[in-house]
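Undergrad: Dropping a structure here in structure tokens format, bear with me for questions.
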Amino acid sequence: MDMFPHVVTVYNTETTELPENDFEPSMVNHITILRGVLLDASKGSNVTKSGLEGADAVTLYIPVSVEAVDGVTGAAKRYIGPIEFWRTEDKSALWTLSVGRNCFFVKGEAVHPDWTVQTIEAASDDVYDVTKVDFKNFGGDMSHWEVGGV
């Protein structure tokens, strides 16, 4: 049995003001499909039982060996840290994990380049804002990210 049987779609969203749009703010979704992750939703019941609002609804385990591809082109992508990611001009071959409204993930393959987070939330039960990112560096294939989501 595969320890990482799930697929999620990570959205890194940014608002840009492009000259061709008369500098009107427009949203850009950088969409990455991650194949080979573990999405553990068992924590959702903990919020109900314990009443802890701060409890994460899900934990997403992403091995460093995860297959990461662009949601639109299918091209391979590589992970870089959030500060470097947001500073980089051409993000087409990159993805990141950061806490906040500009990073969320969806269970399964959910590629909607022009949708807002609100549109995606309305269309799916399994949309999670990233609330924490912990890198567990165990060396080799054991290293992974633990990502909390609500």
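Undergrad: Which of these, Arg78, Arg101, Arg87, has the largest mean-square fluctuation under a Gaussian network model of the chain (Cα springs below 10 Å)?
TA: Maximum fluctuation in the GNM of the chain, among the listed residues, is at Arg87.
Undergrad: Among Asn137, Asn102, Asn29, which one shows the biggest mean-square fluctuation in a GNM of the chain, springs joining Cα atoms closer than 10 Å?
TA: Asn137
Undergrad: The list [x] 10.8; [y] 10.2; [z] 9.3 gives values of mean projected area of the Cα convex hull in nm², and only one came from this structure; which label was calculated from it?
TA: Entry [y].
Undergrad: Classify region 68-120: rounded, prolate or oblate, from the alpha-carbon gyration tensor (a ≥ b ≥ c, eigenvalue square roots; a/c under 1.5 rounded; otherwise prolate if a/b is larger than b/c)? Show your work: numbers first, answer last.
TA: On the way: a/c = 1.79, a/b = 1.22, b/c = 1.47.
It is oblate, given that a/c is not under 1.5 and a/b is not larger than b/c.
Undergrad: In the chain, which longest range has no chymotrypsin sites (Phe, Trp or Tyr not before Pro) that are both DSSP loop (not H, G, I, E or B) and surrounded by at most 12 other Cβ atoms within 10 Å? Mind dumping the intermediate values first?
TA: Values: sites that count: Phe23, Phe138.
Result for the longest clean stretch: 24-137.
Undergrad: Picking from Ala123, Ala93, Ala41, which is most flexible by a Gaussian network model of the chain using Cα springs under 10 Å?
TA: Checking each option, the largest mean-square fluctuation is seen for Ala123.
Read-outs throughout are calculated quantities, based only on the coordinates presented, and are distinct from any laboratory measurement. Keep in mind that this is a model prediction, so the values were computed, not measured. In this analysis, Cβ positions are derived from the backbone assuming ideal geometry, glycine residues included, and neighbour counts consider all displayed protein chains.
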